[in-house]
Amino acid sequence: LESLRDMPSKLIETSNRSWQNLKQMLLWMETDKANAPTAICSLADILKSALEDTSLSNDLRRKISIEEIENFLFRGDASQIGQVMINIFENAHHATKNNAKAKITIFAEESSLFIEDNGSGVSNKDLPNIFDEFFSTKGTAGQGLAFCKLIMENHGGSITCESKPGLFTRFKLTFPQLIN
């Protein structure tokens, strides 16, 4: 009964986030990439900001463990990269909902950020499609990971996923190194 009471607000929150993601995608597609405003970004600062985002539930925050963070700088849009992180956090939260010992581990090395969970995993059949627009294994619009891929590629980086169902899922965000 309690979960039903919270359902409308959670649906509104999800709808608003999807709408914001779609608006960001459209804005990015309409932007002249050569003249797009960018700044020098610190991975640690963006990660801190993403983890403090008010859209993240306390239950999700309790699952997160930050390990070694090798900070690095890159040129980009901190807000967009933060949204990529938030999307992956929320996917990990969803994947770990049935795990009493759920854990989402974040670490960084060289020019990559890793977000790993010990949730249900992604099947070998679905793994090649998870970044495709409109593909979803959880009944959503399938825009989240497509948005993440678009943002990472538009920043000159990449996003990949490795998963062993029942053991772990690990997302790797790779950024171009900042050249002075």
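The values are calculated or read from the model by the stated rules, or taken from the named source; none is laboratory data. Quantities reported herein were computed from a predicted structural model and do not represent experimental measurements. Neighbour counts run over all protein chains shown; Cβ positions are idealised from the backbone, glycine included. Please note that ligands, DNA and RNA were not included when accessible areas were found on the heavy atoms of the full protein model with its side chains. Shrake-Rupley method; radii C 1.70, N 1.55, O 1.52, S 1.80 Å.
Considering each of G76, G82, G144 in turn, give the residue that is closer than 22 Å to L43 by Cβ, small (G, A, S) and touching a Cys at 6+ places or on another chain (Cβ under 7 Å). Before you say what the answer is, go through the steps one by one.
Details: G82 fails: touching a Cys at 6+ places or on another chain (Cβ under 7 Å); G144 fails: touching a Cys at 6+ places or on another chain (Cβ under 7 Å).
Selected residue: G76, the only one of G76, G82, G144 that is closer than 22 Å to L43 by Cβ, small (G, A, S) and touching a Cys at 6+ places or on another chain (Cβ under 7 Å).
Please pick out the residue among S65, S120 that is open to solvent by 40 Å² or more (accessible area, probe 1.4 Å), more than 17 Å from T160 (Cα to Cα) and among the small types (G, A, S). When all the criteria are applied, what remains is S120.
Do we have any residue at all in the stretch 94-101 that's in contact (Cβ under 8 Å) with a residue 24 or more places away in the chain, open to solvent by 70 Å² or more (accessible area, probe 1.4 Å) and within 20 Å of K10 (Cβ to Cβ)? Scanning the stretch 94-101, I find at least one residue that is in contact (Cβ under 8 Å) with a residue 24 or more places away in the chain, open to solvent by 70 Å² or more (accessible area, probe 1.4 Å) and within 20 Å of K10 (Cβ to Cβ), so the answer is yes.
Just one of the listed residues (N16, N35, N58, N87) is modelled with pLDDT of 80 or more, loosely packed, with under 13 Cβ neighbours inside 10 Å and among the polar types (S, T, N, Q), namely N58.
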